[in-house]
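*Asks:* Before we start, here is the structure in question, set down as C-alpha cells.
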C-alpha cells in the first residue's frame, strides 16, 4: 500500500499552509495598523479640543467654552448643580469669570479612550489658580465626548471636588485678606498683595512703601497657624535684614498682633499692631506701644487700607 505521507500533495501542503497563514497575518496586521492609526488621529483630535477648552477658560471667554458642548450638553459641577444646554453653561462660566478675574486652569488628562465610532470618554484632573475661596483642592472630571456633524464636542461633563491636605480651616478667617490693598497718607503710599501659599496653609503678604521723596522699602510677611499657642502667628522680614514674630489675638472686628523682633543692625523692637476690619473692602491699621531698644516710640497714625 502506498504511504500517504509520501504523496506529492502532502509534501506540498505544509508550504501552502504556511503561505496562507503568512498572508492572513500580514493582512490582519495591516488592517490593525490602519485602525490604530485612525484611533490615534481621533484621540489626538479630542485632545486638541481639550486644549481649546483650557485656552478659552484662561481667556475668560464663556461663549467659547460653552460652544465646546453639544447643543443639549450637560455640565454637573462639584456641588452637584446641573446646567443643561449651551446657554445655561455659558451663563454659569460667565458668572465664574466675573467673580474670579484672572483665574487660569491647568488640566492633566489621565485617561482617554474610544468606546464607539462616535463616543469617547476622557478622565483627568483640573486645578484653578488662584484657588477659589474655601477649602483648597482640585477637580476630578469625566467627559463624554460625542462626534456631531464631524466635530468632537462634549456631551456630558461631571466634576468631583477633592480636598487637599491643608491647615486652611485653622486660618480660614484670613480669607478676606486675599487680594491687593493700597493706603495713602501724607504723600506716602503703601501697596500690599496677599495670596495663599502652600495649599492655603499660609498667607503670604508682600508690601512696598513709597515715601513722599520717591524712596521705597519692601518686605514680606507670612501668616499661619501656631499649633502650640493655638493662635495665628506671623513672621515678618524686611529689606534691611530685620525680622519679627507676631502672635495674633482676635478682637472685635479684627486682630491685635503682639510683635517682637529686631532691626537689621540688631536693635530689639516691640509693638502691638491693631487691625480693624471696616468692611469687606477696607480695614484700618495702627501700631501702638512701640519700642526700639530701651526707647519708647510714639504710636503710629491710624491708616485706612482699601482693596483694589
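*Asks:* Hey, can you tell me all the residues within the range 261-308 that are out of contact with any strand residue (DSSP E or B) (no Cβ under 9 Å at 6 or more places or on another chain) and under 24 Å from residue 182 (Cα atoms)?
*Replies:* 279
*Asks:* Now, a different point. If the requirement is being in contact with a strand residue (DSSP E or B) (Cβ under 8 Å, 6 or more places away or on another chain) and assigned to a strand (DSSP E or B), which of these qualifies: 170, 217?
*Replies:* 217
*Asks:* Right, next: Test residue 203 against the stated conditions and say whether it is assigned to a strand (DSSP E or B), in contact with a helix residue (DSSP H, G or I) (Cβ under 9 Å, 6 or more places away or on another chain) and at pLDDT 95 or above. Let's see the steps before the verdict.
*Replies:* Details: assigned to a strand (DSSP E or B): yes; in contact with a helix residue (DSSP H, G or I) (Cβ under 9 Å, 6 or more places away or on another chain): yes; at pLDDT 95 or above: yes.
Taking the combined requirement at face value, the residue satisfies it.
*Asks:* Looking at (1) surrounded by 13 or more Cβ atoms within 10 Å (Cβ to Cβ); (2) free of Cβ contacts under 8 Å to residues at least 40 places away in the same chain; (3) closer than 24 Å to residue 302 by Cβ, find the lone condition where residue 232 falls short.
*Replies:* (2)
*Asks:* Further question: Looking only at residues that are at pLDDT 95 or above and under 18 Å from residue 175 (Cα atoms) in the range 251-262, which one is surrounded by the fewest Cβ atoms within 10 Å (Cβ to Cβ)?
*Replies:* Taking the candidates together, the pick is 256.
*Asks:* Please give the number of the condition residue 176 fails out of (1) farther than 21 Å from residue 280 by Cα; (2) modelled with pLDDT under 95.
*Replies:* (1)
*Asks:* For the condition outside any strand (DSSP E or B), in contact (Cβ under 8 Å) with a residue 40 or more places away in the chain and within 30 Å of the chain's Cα centre (by Cα), what is the one hit in 176, 181?
*Replies:* 176
*Asks:* Note down all Cβ pairs under 8 Å where the first residue falls in the range 47-76 and is in the same structural domain as residue 146 (by TED's automatic domain parsing) and on the phi > 0 side of the Ramachandran plot, the second is part of a helix (DSSP H, G or I) and at pLDDT 95 or above, and they're at least six residues apart or on different chains.
*Replies:* Partner pairs satisfying both residue conditions: 60/97.
*Asks:* In the range 119-142, is there at least one residue being closer than 22 Å to residue 42 by Cα, modelled with pLDDT under 95 and outside any strand (DSSP E or B)?
*Replies:* No.
*Asks:* Then there's this: Those residues that are over 17 Å from residue 177 (Cβ atoms) and either assigned to a strand (DSSP E or B) or not assigned by TED's automatic domain parsing to the domain that holds residue 301 (or both), I need them from the range 228-246; list them, please.
*Replies:* Across the range 228-246, the qualifying residues are 237, 238, 243, 244, 245.
*Asks:* Name the residue that is nearest to residue 189 (Cα to Cα), counting only residues in the range 287-306 that are at pLDDT below 95 and surrounded by 14 or more Cβ atoms within 10 Å (Cβ to Cβ).
*Replies:* Here the residue is 303.
*Asks:* Is at least one residue of the range 263-273 in the same structural domain as residue 217 (by TED's automatic domain parsing), touching a helix residue (DSSP H, G or I) at 6+ places or on another chain (Cβ under 8 Å) and crowded, with 16+ Cβ neighbours inside 10 Å?
*Replies:* Within the range 263-273 (the criterion being in the same structural domain as residue 217 (by TED's automatic domain parsing), touching a helix residue (DSSP H, G or I) at 6+ places or on another chain (Cβ under 8 Å) and crowded, with 16+ Cβ neighbours inside 10 Å), the answer is no, since none of the residues qualifies.
*Asks:* Those residues that are within 20 Å of residue 63 (Cβ to Cβ), touching a strand residue (DSSP E or B) at 6+ places or on another chain (Cβ under 9 Å) and either surrounded by 16 or more Cβ atoms within 10 Å (Cβ to Cβ) or modelled with pLDDT of 95 or more (or both), I need them from the range 97-118; list them, please.
*Replies:* Passing the criteria: 103, 104, 105, 107.
*Asks:* Could we say that residue 79 is more than 20 Å from residue 49 (Cα to Cα), in the same structural domain as residue 225 (by TED's automatic domain parsing) and either surrounded by fewer than 17 Cβ atoms within 10 Å (Cβ to Cβ) or out of contact with any helix residue (DSSP H, G or I) (no Cβ under 6 Å at 6 or more places or on another chain) (or both) here?
*Replies:* No, not satisfied.
The values are calculated or read from the model by the stated rules, or taken from the named source; none is laboratory data. If you're wondering where the values come from, they're calculated on a predicted model, not measured in any experiment. A quick note on method: Cβ atoms are made from the backbone with ideal geometry, for glycine too, and the neighbour counts reach across all protein chains shown.
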